[in-house]
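Since every read-out is calculated from the coordinates, none of them should be taken as a lab result. Quick caveat: nothing in here was measured; it's all calculated off a predicted structure. All Cβ positions, glycine included, derive from the backbone under ideal geometry; neighbour counts span all protein chains shown.
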Amino acid sequence: MSAMLDLLPLSPTWVLLGLCLLLYYLYVTWPFYTFKRLGIPGPSPVLFFGNILSYREGSHIFDCKCYKKYGKVYGFFEGREPMLMVGDLELIKEITVKQFNNFSNRRDLGSLLEAFAGGLFVLEDTDWKRVRGTISPTFSSSKLKQMTMLVESCADGLVSILMEKQEKGIMFDLKEVTSAYALDVISSTAFGVEADSLHNPDHPFAVHAKAIFNINILKGLFYVILPPPFNYVFKKGGFSLFPKFATEFFQRTVRKVIEMRQSNPDEAKRVDFLQLLLNAHNKSLDEKTGEGIAKEGKYSLSMTEVIGNSMLFWLAGYDTTANTIALTAYNLAFNQEAQDRVMEEVDTVVQNRGKLDYEAVNEMRYLDMCVNETLRIYPGAKRFDRFCKADTDVKGLHIPAGTIVNIPAYAIHHDPELWPEPEKFKPERFSKEAQESRDPYAFMPFGSGPRSCLGMRLAMLEIKLALARTLEKFRFVTCEKTESPLRLENNNGNQVTGGVWLKVEARTHVPRHRMSSA
């Protein structure tokens, strides 16, 4: 045998190494045949990267191109991870609603979201169901009404800042202003902290809020593209997608507020999201896991879940809400007739009711149409995912267990078959008649099914109240720095590159109730 090995042109060590490399190559590339075996079309992947290199223009641009080229069901790869994209509305309904039990979880991102452990976004199965059931009543109409006074106070602060901008006649990045407003709303409704970042941009909440959205995409990409065993270093090694100093600041803040309320009965009377979570806290769950929680913890929360959901509520409600307010104002600035209709509606409702409160905002149908049309063009999440737990067939489409299913919300919202002239701002798309004639799954700004965004009613209240209060006094107009079209950031949100630059002009007509109270 040794004589035969001596005749080889390479040493046995090199032969063994080459064999190992070949086996590793086959192991790494084996998933690339997943969709070919299933007869599902899609772009060809690149070794190690999959199709991530095609995200350079933006994942939403990639989604739109694939949606157009390969149809409404196609496969692609993030690293070696097969990703099934489903844009067919009937299939989306089946996956996110009718067969929800098999698709109830999101993709596991390991430690990348460790800062939000215990939060609804990362919880799975019975834990998710228990926490969702516990938190859902927080967003009932009665609870939202109780929170409205906090939102109104922040909206008044927003108006005062815009008044300063108008009096100076300056151009400004509206996103900076709406971010401060959204932060003040979240700080007061979630944490019970009066940050007033509208007037105090150097407040620690404001500083750390901006920092937390410097998401470490590089870490996320490494986790996605590195093949086993290297990706497990990122998954298990405590690497977070968000800057740790920022997330740790908010975790400390939540804990301090909790300690203060536990020691001061008067503080515990606050009506905000954190207090509602604390009311559901069950100390016996803090040391239990898995089945122990499932059996004992129905409609109650552990302290980890209280903190995690406070953090998640803040993250989910801050940036997306601020962007949507600024983007709606941007659309109105380019569509003055629509802005006139909104102002007329605001004046009429306020004149009839005498004030601009929770009920008044809910009566503003055309404002609601404008916000929805903005969310269609610029959805808060360009895509969202579900994890397939077991082999299943969905209307003839076979989905193997372990498959990550993505829903391309942005591509669907820009499908000309569903939305003629999809790049144009047309609020009439959301008239009652138009909505009744359209498949409801053609519009998914907050996700779909039982795992859709729980805080969407509060978000819409916050958005509409800010716009209504503003449009009582001002008109949004474009300026020299206004970009058209806007450039979306290359991430999964609706952040804009370069900001949303506008001006505000004083309205020539001010409602009577405001004049009398001035």
Item to check | Sequence-separation-based contact order of the chain, relative, with Cα cut under 8 Å and 6+ spacing, percent | outcome: 21 percent
Item to check | Tilt relative to the chain, helix 365-377 - C-alpha long axis, 0 to 90 degrees, to 10 | outcome: 30 degrees
Checklist outcome for this item: For the range 4-111, the convex hull over Cα atoms projects on average to an area in nm² of 11.0 nm²
Next on the checklist: Which trypsin sites (Lys or Arg not before Pro) in the range 73-145 sit in a loop by DSSP (not H, G, I, E or B) and have at most 16 other Cβ atoms within 10 Å of their own Cβ?
Outcome noted: Arg107
Next on the checklist: Over 5 Å intervals from 0, what percent of Cα-Cα pairs in the range 415-487 sits in each interval?
Outcome noted: 3, 11, 13, 18, 22, 20, 11, 3, 0
Item to check | Förster radius 25 Å - calculated FRET efficiency between Arg487 and Phe334, Cβ distance, rounded to 0.05 | outcome: 0.95
Next on the checklist: Compute the angle between helix 174-186 and the longest alpha-carbon principal axis of the chain, please, reported from 0 to 90 degrees and rounded to the nearest 10.
Outcome noted: 90 degrees
Item to check | Burial order of peptide ranges 65-78, 29-42 (average beta-carbon count within 10 Å, highest first) | outcome: 65-78, 29-42
Checklist entry - Based on DSSP H runs of at least 4 residues, each adding -39500 (n - 2.57), what is the mean residue ellipticity at 222 nm of the chain after dividing by all its residues, to the nearest 500 deg cm²/dmol? => result -15500 deg cm²/dmol
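If I take every Cα pair under 8 Å that is 6 or more residues apart in the range 111-210, average their sequence separation and divide by the length, what percent do I get for the relative contact order? Kindly include the intermediate steps, with their values, before the conclusion.
Values: 61 pairs, mean separation 18.4, N = 100.
So the answer I get is 18 percent.
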Checklist outcome for this item: For the chain, longest principal axis from Cα atoms; helix 244-263 axis from its Cα atoms; angle between them, nearest 10 degrees, is 60 degrees
Item to check | Those trypsin sites (Lys or Arg not before Pro) in the range 366-399 that DSSP places in a loop and that have at most 12 other beta carbons within 10 Å | outcome: Lys395
Checklist entry - Expressed as cubic angstrom per residue, what is the convex hull volume of the alpha carbon set of the chain? => result 189 Å³
